[in-house]
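**Student:** Pasting a structure here, questions to come.
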Amino acid sequence: MSDFRKAQEFAAKKYNLAILRGLLAAQEGTGFNALLKSIPGITPRILSTRLKELERLKLVQKNLVLGQPTTTSPRIEYRATPKAAGLKKALSELEKWASKEL
């Protein structure tokens, strides 16, 4: 399979680019519910599935964040990996193109 075909299949999978865009824009880790609210139309099930796929591709890292023992329970947060950061410029250029041409 050609590299272009791989990229096309990845980008065509609904919500992949939206999830990565949200995580790349975040200054810190993002919780599941915050990510869910930031992507219109995505369901919890689809978000969960896509995050697992992006983890397998090493584009997203899932972290357990421990809170204060007496005040907060542990929570899960997601971050874009350095591997995903390579997409930041491409996503920005795609967005610029769409704002002018679509």
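The values are calculated or read from the model by the stated rules, or taken from the named source; none is laboratory data. Computed from a predicted model, the values in this text were never measured in an experiment. Cβ: placed from backbone, ideal geometry, glycine included. Neighbour counts: every protein chain shown.
**Student:** Working only within the stretch 46-91, note down all residues that are β-branched (Val, Ile, Thr) and either within 21 Å of ASN33 (Cα to Cα) or touching a Lys or Arg at 6+ places or on another chain (Cβ under 9 Å) (or both).
**Tutor:** Passing the criteria: ILE46, THR49, VAL60, VAL65, THR71, THR72, ILE76, THR81.
**Student:** Still on this structure: Just to be sure I understand the filter: pairs with C-beta atoms under 8 Å, separated by 6 or more residues or on different chains, first member in the stretch 65-90 and over 11 Å from LEU24 (Cβ atoms) and among the aliphatic types (A, V, I, L, M), second member at pLDDT 90 or above and surrounded by 12 or more Cβ atoms within 10 Å (Cβ to Cβ). Which pairs pass?
**Tutor:** VAL65/GLY29; VAL65/ILE76; VAL65/GLU77; ILE76/GLY31; ILE76/PHE32; ILE76/LYS62
**Student:** On the given criteria, is ALA18 surrounded by 12 or more Cβ atoms within 10 Å (Cβ to Cβ) and at pLDDT below 90?
**Tutor:** no
**Student:** Of the numbered conditions (1) small (Gly, Ala, Ser); (2) within 11 Å of TYR15 (Cα to Cα); (3) surrounded by 12 or more Cβ atoms within 10 Å (Cβ to Cβ), GLY41 fails exactly one; give the number of that condition.
**Tutor:** Condition not satisfied by GLY41: (3).
**Student:** Quick test of your reading of the structure: THR43 fulfils all but one of (1) in contact with a helix residue (DSSP H, G or I) (Cβ under 9 Å, 6 or more places away or on another chain); (2) farther than 25 Å from ALA7 by Cα. Name the failing condition by number.
**Tutor:** (2)
**Student:** Could you tell me whether any residue of the stretch 63-70 is among the β-branched types (Val, Ile, Thr), farther than 20 Å from ALA7 by Cβ and under 10 Å from the mean Cα position of the chain (by Cα)?
**Tutor:** no
**Student:** When only residues in the stretch 10-56 that are hydroxyl-bearing (Ser, Thr, Tyr) and within 10 Å of the chain's Cα centre (by Cα) count, which is nearest to GLY67 (Cα to Cα)?
**Tutor:** As a first pass, look at the stretch 10-56 and keep what is hydroxyl-bearing (Ser, Thr, Tyr): 15, 30, 38, 43, 48-49.
Of the ones still in play, those that are also within 10 Å of the chain's Cα centre (by Cα) are 15, 30.
Details: TYR15: 30, THR30: 15 Å.
It comes out as THR30.
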